[in-house]
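So the structure is just underneath, and the comments pick up after that.
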Amino acid sequence: MASPLVLQVTCVVVVLMVGFGHIMPSAEAAIPCGSVQLAVAPCISYLTGPAGTKVPAPCCNGVKRVNDQSKTTPDRQAVCSCLKNTALRIPGINVPRLAALAGACGVNLPYKVTPSIDCNT
């Protein structure tokens with residue numbers, strides 16, 4: 001049987017996919033928000049966990065995959081908006097960890113993903 005944490009994460013991802021599937025029209029960007037959310041879902045335990053929690057390898061794999069697939073400015077803006085809006089709905093998210101997540105996974109971004117980021121700039 002799945003652990004309670006796995007069930008919670010799965011429920012959060014499903015809720016987020018249903019709630020945010022409309023944010024990014026497929027004609028404007030190649031990466032649907034639901035795909036971004038699924039890729040980074042393994043990061044939730046790190047972003048909401050206690051001090052000392054390590055970044056799980058599947059989280060970094062997802063971060064790298066999303067970054068590799070985000071080639072155009074519209075793609076990057078859509079991913080940014082998706083991550084921002086998703087982060088706003090995760091209870092107990094550690095904002096400094098969120099801002100540092102890409103770097104912790106070896107991904108160099110010219111910005112920090114935070115709940116206050118302007119994804120249009």
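The values are calculated or read from the model by the stated rules, or taken from the named source; none is laboratory data. From a predicted model like this one, the values you see are computed outputs, not experimental measurements. Note that each Cβ is placed from the backbone with ideal geometry, even for glycine, and that neighbours are counted across all protein chains shown. These accessible areas exclude ligands, DNA and RNA; they are computed on the full protein's heavy atoms, side chains included. Shrake-Rupley method; radii C 1.70, N 1.55, O 1.52, S 1.80 Å.
Residue-by-condition table, conditions (1) part of a loop (DSSP other than H, G, I, E, B); (2) among the aliphatic types (A, V, I, L, M); (3) modelled with pLDDT of 95 or more; (4) touching a strand residue (DSSP E or B) at 6+ places or on another chain (Cβ under 7 Å):
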{"position": "39", "(1), (2), (3), (4)": "no, yes, yes, no"}
{"position": "43", "(1), (2), (3), (4)": "no, no, yes, no"}
{"position": "53", "(1), (2), (3), (4)": "yes, no, no, no"}
{"position": "64", "(1), (2), (3), (4)": "no, no, yes, no"}
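The set of residues in region 64-89 being hydrophobic (A, V, I, L, M, F, W, C) and open to solvent by less than 20 Å² (accessible area, probe 1.4 Å) consists of 66, 78, 79, 80, 82, 87.
Among the residues of region 98-121, the one identified as open to solvent by 30 Å² or more (accessible area, probe 1.4 Å), under 13 Å from residue 43 (Cα atoms) and touching a residue at least 40 places away in the same chain (Cβ under 8 Å) is 104.
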